[in-house]
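A.B. asks: Encoded as structure tokens, here's the structure I'll be asking about.
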Amino acid sequence: MRNLEASKKPSSHCWKSSHRKTYRNRKRYEEPLAYLNKPLEINPNNVNVLENHRETYCIMVNRCEESLSDLNKSLKIILNNIEALAYRKSTYLMMNRFEEYL
């Protein structure tokens, strides 16, 4: 089995899904956030990184407010981003904020 630590590349904005899943299964949530924060410092308008960041906050550590922040940033960059709109709807539903997603 490859060494997970050796295979991480902090400069990569598309940090491998398998790495995020591995950390989620180990309940080590801060590592994926740290690696996703680095490319956001370089380009805060990177929609792909914002999507991964959102997923990490909402699903991995149940921090839905931060997830909504990432989704709203994505929607400012790409107004009709269908994926971001759908995720924002599901996030509002998870938070029992039904009126806001309408």
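The values are calculated or read from the model by the stated rules, or taken from the named source; none is laboratory data. Note that the structure is predicted; figures quoted are calculated from it, not measured. Note that we place each Cβ from the backbone using ideal geometry, even for glycine, and neighbour counts take in every protein chain shown.
A.B. asks: Against the conditions (1) more than 24 Å from residue 94 (Cβ to Cβ); (2) charged (D, E, K, R); (3) at pLDDT below 85, where does residue 38 fall short? Just the number, please.
C.D. replies: (3)
A.B. asks: Something else now. Determine if the range 53-62 includes at least one residue that is out of contact with any Pro (no Cβ under 8 Å at 6 or more places or on another chain), surrounded by fewer than 18 Cβ atoms within 10 Å (Cβ to Cβ) and outside any helix (DSSP H, G or I). If you could, list the steps in order and put the result at the bottom.
C.D. replies: Taking the range 53-62 and keeping what is out of contact with any Pro (no Cβ under 8 Å at 6 or more places or on another chain), we get 53-55, 57-59, 61-62.
If we keep only those that are surrounded by fewer than 18 Cβ atoms within 10 Å (Cβ to Cβ) too, we end up with 59, 61-62.
Going one step further and asking which of them are outside any helix (DSSP H, G or I), we end up with 61-62.
Yes, because at least one residue in the range 53-62 is out of contact with any Pro (no Cβ under 8 Å at 6 or more places or on another chain), surrounded by fewer than 18 Cβ atoms within 10 Å (Cβ to Cβ) and outside any helix (DSSP H, G or I).
A.B. asks: Further question on the same structure: Against the definition (on the phi < 0 side of the Ramachandran plot and modelled with pLDDT of 75 or more), how does residue 97 come out, yes or no?
C.D. replies: It is true that residue 97 is on the phi < 0 side of the Ramachandran plot and modelled with pLDDT of 75 or more.
A.B. asks: Quick one: in the range 83-102, of everything that is over 16 Å from the mean Cα position of the chain (by Cα) and in a helix (DSSP H, G or I), which residue is surrounded by the fewest Cβ atoms within 10 Å (Cβ to Cβ)?
C.D. replies: The selected residue is 99.
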